[in-house]
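Asks: Have a look at this one before I ask anything.
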Amino acid sequence: MIPDDLRYTPEHEWVRPGQPAVRVGITDFAQDALGDIVYVQLPDPGTAVQTGQAFGEVESTKSVSEIYAPVAGTVVASNTRLADEPELINTDPYGEGWLVEIEPTDPDGTGQLLDAAGYRELTEK
Amino acid sequence: MTADLRRSPLHSRHVDLGAKFAAFGGWEMPLEYADGGVLKEHTAVRTAVGVFDVSHLGKVSVSGPGAADFINACLSNDLNRIGPGKAQYTLCLDNATAGAVDDLIAYLHGPDEVFLIPNAANTAEVCRRLAAASPGGVTVTDRHGDYAVLAVQGPRSAQLLDALGLPSEHEYMSFATARFGDASLTVCRTGYTGEHGYELVVPWADAPGVWDAVLDAGAPLGVLPAGLGARDTLRTEMGYPLHGQDLSPRITPVQARLTWAVGWKKPAFWGRAALLAEREAGPRRLLWGLVALDRGIPRPHMVVLLGEVPVGEVTSGTFSPTRKLGIALALIDHATGLHEDDEVTVDVRGRRAPMRIVKPPFVQPSVR
């Protein structure tokens with residue numbers, strides 16, 4: 001399940017382009033590999049992030065995975081529902097299980113990211 | 001890499017069930033299933049019934065005149081505490097250091113026949129040590145590939161066995177033999193989950209038929225196939241040690257609080273002198289439980305701190321699906337004097353997560 005309207009990183013994050021902020025989550029492939037997610041740690045709104053910077057963690061029953069900022073910018077929202085319902089990432093990774101919204105420093109910053117075809121190729125390797 | 005791993009006779013069943021696999025003790029075994037996941041499989045075992053393929057476990061027969069006496073002179077627990085038809089948790093200690101080469105279950109068939117279930121990764125070493133020490137007439141046979149082992153665990157496990165026409169009434173830590181179709185099974189009242197349960201020792205070739213029958217008979221009871229992921233969260237909630245983490249050749253049963261499985265009054269068992277000396281001197285470190293006081297989840301090898309001072313190491317740590325918080329087993333330096341209810345922190349990837357020291361289990365067992 002790799003929606004065509006999203007952008008992707010090789011670290012298995014998705015980015016939904018938008019104005020003024022982009023929405024970020026982890027892919028279905030990533031949630032499936034992690035297994036049941038039990039804890040999510042996200043940055044507070046206002047946090048400045050650089051591209052590729054680890055800014056949070058998604059932890060499952062068996063392992064933990066860092067989340068990397070897909071674009072540089074400022075975190076303007078985080079999904080507070082995940083504190084009590086981290087399983088939303090498993091059940092709806094592209095919808096209710098979103099992680100944060102980032103207002104990019106460069107409005108065209110998502111142009112460097114993979115498109116759905118490029119990401120699919122990466123997951124099929 | 002997977003080419004070197006051994007596979008259970010149920011491997012294709014697991015593939016059909018969409019299992020994710022993991023390497024464990026030299027075997028490729030199911031970690032979790034497509035329709036389950038660790039949390040759902042864990043909950044099925046705590047509230048209904050689950051079935052695990054644990055065919056990676058070792059199987060060793062020790063036969064010949066005086067086989068039981070021989071085993072009793074090697075392994076730590078006192079086999080004279082039980083009679084034929086009973087099973088016992090015991091340890092294979094290194095004779096020089098009293099470190100645990102393995103922890104295992106011994107099934108006493110009679111004075112001339114003992115069946116052992118060691119851990120997968122340690123089976124060859126346990127066999128090697130026993131064979132080297134065995135007196136004339138006693139043979140030690142590694143039967144790793146002769147039997148599959150299916151663990152049926154959970155409050156509805158007795159109902160499931162009843163539905164299959166298998167014996168279910170025998171008491172905890174005992175076993176019975178039974179026929180199932182053309183197969184001869186051993187039905188053991190043992191397990192690694194803390195629930196009422198059974199471990200079925202099944203001839204290798206008969207395993208797929210028994211597995212299918214368990215899932216069919218268990219369907220109305222809510223049975224789920226459960227993988228090693230749930231097995232690990234279930235055993236950690238009980239504080240059961242996992243060899244290679246909470247117990248190892250570098251960890252003695254005094255440190256791991258397993259002295260209840262040591263026959264101190266026996267004249268001889270491997271590691272006796274070293275263990276007595278350690279008990280006399282006091283252990284350098286002790287295994288404790290930790291319960292997270294915030295959202296932190298402790299993991300193996302994380303450092304335990306008292307203030308700024310490292311005082312121990314997490315040996316097993318996970319999210320407890322039952323209690324919905326992080327739990328751990330940790331070896332803590334004895335000289336610190338740390339005790340139940342004291343507070344420490346664990347370095348969770350650079351963050352100091354507060355934890356309280358407790359005595360396991362983390363969840364009350366209901367094995368009987």
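The values are calculated or read from the model by the stated rules, or taken from the named source; none is laboratory data. Model, not experiment: these values are computed from the prediction. Cβ sites come from the backbone with ideal geometry, for glycine too, and all protein chains shown count toward neighbours.
Asks: Looking only at residues in the range A:29-39 that are more than 9 Å from chain B (Cβ to nearest Cβ) and within 29 Å of B:T322 (Cβ to Cβ), which one is surrounded by the most Cβ atoms within 10 Å (Cβ to Cβ)?
Replies: A:I37
Asks: I'd like to check which strands (runs of 3 or more DSSP E) are fully inside the range B:4-81 and have at least 2 residues that are on the phi > 0 side of the Ramachandran plot.
Replies: Passing ranges: none, list empty.
Asks: Here is a follow-up. Kindly state which strands (runs of 3 or more DSSP E) lie completely within the range B:292-353 and contain at least 3 residues that are more than 11 Å from chain A (Cβ to nearest Cβ), over 22 Å from the mean Cα position of the chain (by Cα) and more than 24 Å from B:A44 (Cα to Cα).
Replies: It comes to B:303-306, B:309-320, B:343-348.
Asks: What are the pairs with Cβ atoms under 9 angstrom where one residue, in the range A:88-110, is in contact (Cβ under 8 Å) with a residue 40 or more places away in the chain and the other, located anywhere, is buried (at least 23 other Cβ atoms within 10 Å of the Cβ) and aromatic (F, W, Y)? Sequence gap at least six, or different chains.
Replies: Listed by first residue and then by second, the contacts come to A:P93/A:W14; A:Y94/A:W14; A:W98/A:W14.
Asks: Is one or more of the residues making up the range B:111-130 aliphatic (A, V, I, L, M) and in a loop (DSSP other than H, G, I, E, B)?
Replies: No, the range B:111-130 has no match at all.
Asks: Of all residues in the range B:9-46, count the ones that are under 18 Å from the mean Cα position of the chain (by Cα) and either within 14 Å of B:L57 (Cα to Cα) or not assigned by TED's automatic domain parsing to the domain that holds B:A158 (or both).
Replies: Residues in the range B:9-46 being under 18 Å from the mean Cα position of the chain (by Cα) and either within 14 Å of B:L57 (Cα to Cα) or not assigned by TED's automatic domain parsing to the domain that holds B:A158 (or both): 8 in total.
Asks: Let me ask you something else. Tally up the residues in the range B:29-41 that are under 15 Å from B:T236 (Cβ atoms) and more than 8 Å from chain A (Cβ to nearest Cβ), please.
Replies: The number of residues fulfilling the criteria is 1.
Asks: Could you check how many residues of the range B:142-167 are among the small types (G, A, S) and in contact with a Phe, Trp or Tyr (Cβ under 7 Å, 6 or more places away or on another chain)?
Replies: Qualifying residue count for the region: 4.
Asks: Tell me, which residue of the range A:52-89 that is surrounded by fewer than 17 Cβ atoms within 10 Å (Cβ to Cβ) and among the polar types (S, T, N, Q) is farthest from the other protein chains (Cβ to nearest Cβ)?
Replies: Result: A:T74.
Asks: Another question about this same structure. Give the residue that is farthest from B:S76 (Cα to Cα), with candidates limited to residues of the range B:252-266 that are in a loop (DSSP other than H, G, I, E, B) and of a type in the set (G, A, S).
Replies: B:A256
Asks: If I ask for residues that are in a loop (DSSP other than H, G, I, E, B) and at negative phi, which ones from the range B:267-288 would you list?
Replies: B:P267, B:A268, B:F269, B:W270, B:P283, B:R284
Asks: If we keep just the residues of the range A:19-49 that are part of a loop (DSSP other than H, G, I, E, B) and among the β-branched types (V, I, T), which is nearest to the chain's Cα centre (by Cα)?
Replies: Among those residues, the one meeting the criterion is A:T27.
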